[in-house]
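Have a look at the structure below, then the notes.
The values are calculated or read from the model by the stated rules, or taken from the named source; none is laboratory data. Computed from a predicted model, the values in this text were never measured in an experiment. These accessible areas exclude ligands, DNA and RNA; they are computed on the full protein's heavy atoms, side chains included. Shrake-Rupley method; radii C 1.70, N 1.55, O 1.52, S 1.80 Å.
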Amino acid sequence: MLWLVPRLQPAATGTLVVLVSARNAQTMPDATLALHGTGGWIPLGHVSGTVPAAPAERTVITPAVSAGGYDAVRLGSDVAPVSLAITQNQVEPLLLGVDSGHLIPGSAYAGNDQANLGLGELSGKFVSMPAFNLLDQRGQAINLQSIAGKNVVIAAFHTTCHETCPLYTALFLQLAKRIAPATMLLEVTTDPGVDTSGVLARYAQQTGASWTLGTGGTTDVANFWSVFDVQLAAGDTHTSTLALVDRHGYIRLVYRGVPKIGNDIPPSLVTALSAQGLYELGSGGDGWGAPDVLDALATISGPVAPVASSGGRAADFTLTSTTGSKVSLSDFSGRPLVINFWATYCPPCRAEMPLLVQSVGAQPRVRLVLVDEGDSSDSARNFLSGLGIRQPALLDGDTRVLRSFGLFSLPTTIFVRADGTIDRRQVGQLDPSVLDAELSNLTSQ
């Protein structure tokens with residue numbers, strides 16, 4: 001009998017070009033590189049050697065990677081979020097900013113535009129926002145002090161425009177639903193003679209704008225826009241511009257033209273559009289829209305946590321343990337908790353684990369919850385067994401729980417009060433004195 005072996009189709013792959021750059025030229029020790037996707041962590045190889053100072057960069061590895069989406073990269077024990085799409089037979093760059101062999105927080109940039117942005121950040125080649133003085137729709141001051149520590153999305157508009165300005169307001173309505181609390185939306189008029197604070201307040205009420213609208217004297221507004229090469233305008237004459245300013249006050253990206261709005265626009269703004277404005281809406285503008293702005297904000301901001309370092313409630317989750325049982329955080333309701341996120345490849349995790357188990361174990365009221373990130377059940381069990389730890393761990397194979405807490409670095413420990421609120425979040429290896437102090441806080445409440 002003749003057995004026919006079916007011909008396997010080759011897997012669809014693209015090429016990932018991994019680049020490294022630093023703020024100062026240096027040498028990077030050998031480190032393993034991995035990419036995280038729907039199937040878990042994929043090892044890419046080892047990287048080492050010289051790292052040039054930005055804006056120069058060096059290619060360290062060019063692996064073939066299965067086509068699809070990826071959401072995190074790991075260099076050694078450092079993990080960073082990234083939005084990476086690999087397309088069959090295409091090349092995609094991934095820039096990593098490194099320092100002393102470690103990933104610089106927030107410095108993983110995927111795609112040509114983001115890689116260029118990253119080189120600009122690492123090299124310090126951004127223009128700082130000059131001092132300005134404006135007023136918002138309530139007559140309150142807008143200046144460098146009021147935006148300090150915030151990422152700011154700025155758009156040029158005026159209330160008598162019927163072409164692109166209503167589309168920018170529609171874009172802001174989309175962004176307002178999805179931006180992080182540390183991001184500020186700011187629409188600033190280019191027609192201060194008409195758009196007084198009172199006019200802007202009525203515009204906000206009519207359009208549902210919950211963000212800041214800016215105006216001021218003619219000279220103040222002209223000075224504000226001069227750094228963006230935007231001229232004062234009126235009617236349907238305008239320079240359509242959107243800019244991103246980071247929390248350090250640097251201008252990071254400038255978009256020109258008409259945003260792509262799609263169908264997510266309220267009727268009140270549609271009726272405000274002229275024939276040309278309706279054409280721009282229907283044609284998709286210049287092709288960039290809310291997703292592009294949000295991606296750029298994510299790169300500029302780095303990891304953004306949905307909960308504060310203290311305060312807020314610990315979100316419930318359910319995971320399978322290394323014993324095969326299902327365990328939920330709510331199973332420990334009413335007890336103080338110490339939730340430790342770790343992984344077998346993480347040396348600081350290994351170093352702190354015995355201290356953590358011993359110290360928390362000495363507190364009968366406090367429960368230790370061990371959450372393993374990205375490992376198999378066998379690997380996690382072997383890791384714990386090798387340290388003489390008998391407590392089972394919960395398996396967060398796709399890092400969903402880790403990311404739901406806004407975390408991207410290991411180890412991280414969250415201290416939760418008996419009422420379910422977060423007392424503290426410790427990123428990095430625990431110091432014995434910090435652990436003792438936090439356990440004292442939990443047991444004294």
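Note: relative contact order over segment 41-129, using C-alpha pairs below 8 Å and six or more positions apart, is 23 percent. Expressed to the nearest 5 percent, the antiparallel share of DSSP beta bridges inside segment 332-412 is 10 percent. Computed over the chain, the convex hull of the alpha-carbon atoms projects to a mean area of 28.4 nm². Backbone geometry of segment 330-341 corresponds, through the Karplus equation with coefficients 6.51, -1.76 and 1.60 at θ = phi - 60°, to 3J(HN,Hα) couplings of 5, 4, 9, 3, x, 10, x, 10, 10, 9, 10, 9 Hz, x marking Gly and Pro.
Under the rule a/c < 1.5 gives rounded, and otherwise a/b versus b/c splits prolate from oblate, where does segment 138-265 land using the Cα gyration tensor?
On the way: a/c = 1.24, a/b = 1.04, b/c = 1.18.
Note, shape of segment 138-265 comes out rounded.
Shape analysis of segment 326-379 places it in the oblate category; the axes a ≥ b ≥ c from the Cα gyration tensor give an a/c of at least 1.5, with a/b not above b/c. Put simply, the C-alpha atoms of segment 64-106 give a gyration tensor, and the ellipsoid matching it has half-axes of 22, 10, 8 Å, longest first. These residues, K326, K150, go from largest to smallest accessible area, 1.4 Å probe, as K326, K150.
Per DSSP helix of 4 or more residues, -39500 (n - 2.57); summed, then divided by the residues of the chain. What does that give at 222 nm, rounded to the nearest 500?
Values: 12 runs with 116 residues, N = 445.
When only DSSP H runs of four or more count, the value is -7500 deg cm²/dmol.
Altogether, the Stokes-Einstein calculation at 4 °C and 1.567 mPa s, with the Kirkwood radius of segment 184-247 over Cα pairs as Rh, returns a diffusion coefficient of 104 µm²/s.
How many Lys pairs in the chain lie less than 28 angstrom apart by Cα atoms, where the lysines are 8 or more positions apart or on different chains? It would help to have the intermediate numbers written out before the result.
Working: K125/K150; K150/K177; K150/K260; K177/K260.
So the count works out to 4.
Over the alpha-carbon set of segment 129-173, divide Rg by the Kirkwood Rh and report the Rg/Rh ratio to two decimals. Value, to two decimals: 1.01. For segment 336-427, the fraction of C-alpha pairs more than 20 angstrom apart is 30%. Residues whose amide H comes within less than 5 Å of that of V51, counting only those at least five positions distant or on another chain, are Q26, T27, M28 (H built at 1.01 Å from N in the peptide plane).
Taking the 1.4 Å solvent-accessible surface of the chain as the whole, the part contributed by carbon and sulfur is 51%.
Express as a percent, rounded to the nearest 5, the fraction of DSSP beta bridges in the chain (both residues included) that run antiparallel. Kindly include the intermediate steps, with their values, before the conclusion.
On the way: 65 of 93 bridges.
Taking every DSSP beta bridge within the chain, about 70 percent pair in antiparallel fashion.
Where only protein heavy atoms count, and the probe is 1.4 Å, what is the accessible area per residue for the chain in Å²? Walk me through the numbers on the way to the answer.
Working: 20060 Å² over 445 residues.
Dividing the accessible area of the chain by its residue count gives 45 Å².
Computed with a 1.4 Å probe on the full set of protein chains, the accessible area for I251 sits at about 20 Å².
Relative contact order of the chain: what whole-number percent is it, with Cα pairs under 8 angstrom and at least 6 residues apart? Display every interim value, and only then the final one.
Details: 940 pairs, mean separation 55.7, N = 445.
Computed value for the chain: 13 percent relative contact order.
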